[in-house]
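Presented below is the structure to which this report refers.
The values are calculated or read from the model by the stated rules, or taken from the named source; none is laboratory data. Quantities reported herein were computed from a predicted structural model and do not represent experimental measurements. Neighbour counts are summed over all protein chains in view; Cβ atoms, including those assigned to glycine, are modelled from backbone coordinates with ideal geometry. These area figures cover heavy atoms from the full protein model, side chains too; ligands, DNA and RNA do not enter into them. Shrake-Rupley method; radii C 1.70, N 1.55, O 1.52, S 1.80 Å.
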Amino acid sequence: MFSTAIEKFIQANNYPSFKPKAILFDMDGVLMDSMKFHAKAWVESMEESGFEFSITEAYMNEGSTGHATINRVFIREKGREATEEEKKRIYKLKSECFDACGKAERMPYALELLQKIKAEGIEILVVTGSGQPSLLDGLNNHFPAIFQKDKMITAFDVKHGKPHPEPYLMALAKANVQPWEAVVIENAPMGVESSIAAGIFTIAVNTGPLDPKILEEKGANVVLSGMKELYEKWDAFQQAWHTTAHS
Ligand code: MG
């Protein structure tokens, strides 16, 4: 499964090899079991603002910055972009709804996987469309001694956000690696789109309610059922990249 995907990836991109030195993790729905809260908060805040917005739509917009999501709804519903004031107001409402949902838990198997990768001396970065100021504190509480402040890309760092390749291109630059020296772990269609556009091998973990075909259609190199499967297959993946990698 992995060897074929790696071969195809190298050929399609015309890369010299595939030798991962950095693993780039999305946060919501990958490291944190927070997407159900984000989706609920989006539906509630949009409804309160007079817009129809479904749970599925929330998952389809995942990965995008909040302001970009609001803008998309305005263009669809009103035929114009949202003003700065409207974006701020609805995003504030969404954040309040999100906070009222309670605390998100760590995704099962995420810590075990991160510890395994760290022990192998491979770099770990977080690339998220989220923009809570307390993001790093939260991650450090759930994943002690794994992340560094200068190895995170958040909503504060980017101009475009996912599905644009910018966040993952920034992550490559921060890790100081080439696209064939990294792997992305994503759960969202727009996240997969972003990382594929950045030319990075992408493993999608389908931790939400969407049809896994959507992740395949966005170009994911491998689609797995969730973090448990990723953790269990990590050794096989590594084995595949060591035996497939051209030098
Ligand atoms: Mg996500």
**Asked** All other residues with a Cβ under 9 Å from the Cβ of F74 taken together, and with Lys, Arg as +1 and Asp, Glu as -1, what is their net charge?
**Response** +2
**Message:** Under a crude label model (7 Å from the Cα following the beta-carbon direction), how far is I55 from I75 in nanometres?
**Reply:** 2.7
**Exposed GluC sites (Glu not before Pro) absent - longest run of the chain, DSSP non-H/G/I/E/B, at most 11 other C-beta within 10 Å** = 121-247
**Complete:** The answer for the range 131-241, accessible area per residue at 1.4 Å probe in Å², is 42
**Fill in**
For the range 35-100, the per residue accessible area (1.4 Å probe, Å²) is 53
**Over 28 Å between alpha carbons, listed pairs K88/K228; K94/K159; K8/K40** = K88/K228; K8/K40
**Message:** Given the whole protein assembly as supplied and a 1.4 Å probe, what does the accessible area of D137 come to in Å², nearest 10?
**Reply:** 100
**Asked** So in the chain, what percent of DSSP beta bridges are antiparallel if you round to the nearest 5?
**Response** 10
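How big is the charge dipole of the chain about its Cα centre, in debye rounded to the nearest 20, if each Lys and Arg gets +1 on its Cβ and each Asp and Glu gets -1 on its Cβ? Can you show the working numbers first?
Details: 27 positive and 34 negative charges, 82 e Å.
Dipole magnitude for the chain comes out near 400 debye.
Please return the longest range in the chain lying between exposed loop sites, taking trypsin sites (Lys or Arg not before Pro), DSSP loop only, at most 16 other beta-carbon atoms within 10 Å, and leaving the sites out.
Details: sites that count: K21, R80, K103, K159.
Within the chain, the longest run free of exposed trypsin sites (Lys or Arg not before Pro) spans 160-247.
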**Asked** Taking Cα centroids, how far is the range 215-238 from the range 151-207 in Å?
**Response** 16
**Fill in**
Only helices counted: for the chain, with every DSSP H run of 4 or more residues adding -39500 (n - 2.57) and the sum spread over all residues, [θ] at 222 nm is -15000 deg cm²/dmol
**Request:** With the full set of protein chains in place, find how many percent of the accessible area of the range 30-102 is carbon and sulfur; take the probe as 1.4 Å.
**Result:** 51
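Need one word for the chain: rounded, prolate or oblate. Basis is the Cα gyration tensor (sqrt eigenvalues a ≥ b ≥ c); a/c below 1.5 gives rounded, then a/b vs b/c decides.
Working: a/c = 1.89, a/b = 1.62, b/c = 1.16.
Prolate, because a/c is 1.5 or more and a/b exceeds b/c.
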**Request:** Treat each spin label as a single point 7 Å out from the Cα along the C-beta direction, and report the T83 to S17 distance in nm.
**Result:** 5.7
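Multiply the residue separation of Q238 and D157 by 0.36 nm, subtract the distance between their alpha-carbon atoms, and state the gained length in nm to one decimal. Provide the component values of the computation, followed by the final result.
On the way: separation 81, 0.36 × 81 = 29.16 nm, distance 3.06 nm.
Full-extension gain reported as 26.1 nm.
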